[in-house]
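What follows draws every value from the coordinates through simple rules; no lab data is involved. In this text, all values refer to a predicted model and were calculated from it rather than measured experimentally.
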Amino acid sequence: MNPHDSWALRQLGDLVDVLDRRRVPVSAAERAKRPGTVPYYGAAGPVGTIDEALFDEPLILLGEDGIQFFDPSKPKAYLIDGPAWVNNHSHVLRARPGVDRRWLGYFLNIADYRGYANGTTRLKLTQLAMKSIPVPIPPIEEQRRVIAILEDHLSRLDAADSYLFSALHRADLLRARVLSEIPFDDVISLAKLAVKSDYGTSVKCVVGGPGPAVVRIPNLIDGHIDLRDEKRVATSDANVSGSLLSPGDLLIVRTNGSPSLIGRSAVVQDGVEAAFASYLIRYRVDMNLVRPEWVQTILSTPSVRATLQALAASSAGQLNLSLGKLNGLMIPVPSLSTQDEVMTRIQAIEAQRREAIGVTNVAMRRSQALRRALLDAAFSGRLAGVPNPAAVVEDMIGA
């Protein structure tokens, strides 16, 4: 990003007043004793509230540490207005006359921090280094003209992103509505539905090992087994025959430190030739009573997820589910025809959702690239002094 030839290149410290000396860190425990409505800001945004303000004016907050300075897609700076308390993880900057703080806010989110942010385990942008960052700075009128162009087109990208996320949310709501219609009248314990249940193998597995593939927690994705992140038994002579999987086996995460992962489940599909790891539990259900896909769907409902998390015992930072606890879990079991009917509806919704996720991912990557291109164009002067700057933007969007 090369600034426009006619623009001055100034150090950030010449463009702002640095108010870091007024920052005061307050622990979460102390803030709990001081309830209030004043936002308490950290490196990446508000992290709580407090009872009084240290600042009450338009400011720019720029992360000092705890920020991914070298990832262009991650935010580093944000604007605040009104009463605020800021801790020592953000630099507090007041734009001086002749500088639009929005200009600085946009620039500091795409600036190159190499050579300014340093650290081995945790990057830190010291005040001295921060003040030396070079900033292209046109006259205030030009700043505001370019900002108006930027904000017009960024708002359009925001609206497009919002629409895509709304489509995903609608699919989630539709799935939740279908699941909410499941009758919980006739229930059977998981133990009585199973013809077999056991724990997996604890043999060592590595990438590219000579033994069979081993299904691990990361391989349980969206109710199926995904072996793209594959590890295999580390030795060729290890016996894992008792842990080999068959199509229709139901796997449940039994040990993990994350509440969002404990109790996650998946059904083994055709073509999966693998054993399963000890952090998982396998159930092989009686197909005359219940479809394994049905049980997996029930296990993924919010109410059952909450039950599983409540059942999990915590030990040394790990949550644990045992066969004994899972065996008592009550599963609604309507007729097989009803199960099939509901699953057909859910599978159609899931197919639509997967398609929407694919479209959204592609669109979001393009949106991020366009945002970066827009900002690069703005701060390199390509939107300055042209009769129709919007045409420059439209060319990028159409590319």
Whole-Hz ³J(HN,Hα) from phi, Karplus 6.51 cos²θ - 1.76 cosθ + 1.60, for region 335-343, glycine and proline x:
4, 4, 5, 5, 4, 5, 5, 5, 5
Under 5 Å, built H, 5+ apart or other chain: amide partners of I188:
I331, V333
If you average the alpha carbon positions of region 277-325 and of region 213-276, how far apart do those two centres end up, in angstrom?
14
Quick check on region 3-77: what are the equivalent-ellipsoid semi-axes from the Cα gyration tensor, as sqrt(5λ), descending, whole Å?
30, 16, 10
Beyond 17 Å, what percent of the Cα pairs of region 144-198 remain?
68
Does region 94-244 classify as rounded, prolate or oblate by the C-alpha gyration tensor (a ≥ b ≥ c root eigenvalues; a/c under 1.5 gives rounded; else a/b over b/c gives prolate, otherwise oblate)?
oblate
Calculated on alpha-carbon atoms, Rg and Dmax of region 215-328 in Å:
14.0, 43
Calculate how steeply helix 302-311 sits against the longest principal axis of the alpha-carbon atoms of the chain, using the helix alpha-carbon long axis, and give the answer as 0 to 90 degrees to the nearest 10.
80
Specify which labelled value, from (1) 200; (2) 292; (3) 191, agrees with volume of the Cα convex hull per residue in Å³ derived from the coordinates of the model shown.
(1)
Rounded to the nearest 500, what is the 222 nm mean residue ellipticity of the chain from helices alone, with -39500 (n - 2.57) per DSSP H run of 4+ residues and division by all residues?
-11500 deg cm²/dmol
Applied in sequence order to region 278-292, the curve 6.51 cos²θ - 1.76 cosθ + 1.60 (Karplus, θ = phi - 60°) yields integer Hz couplings, x standing for Gly and Pro, of 5, 7, 10, 10, 10, 10, 10, 8, 6, 5, 6, 10, 7, 7, x
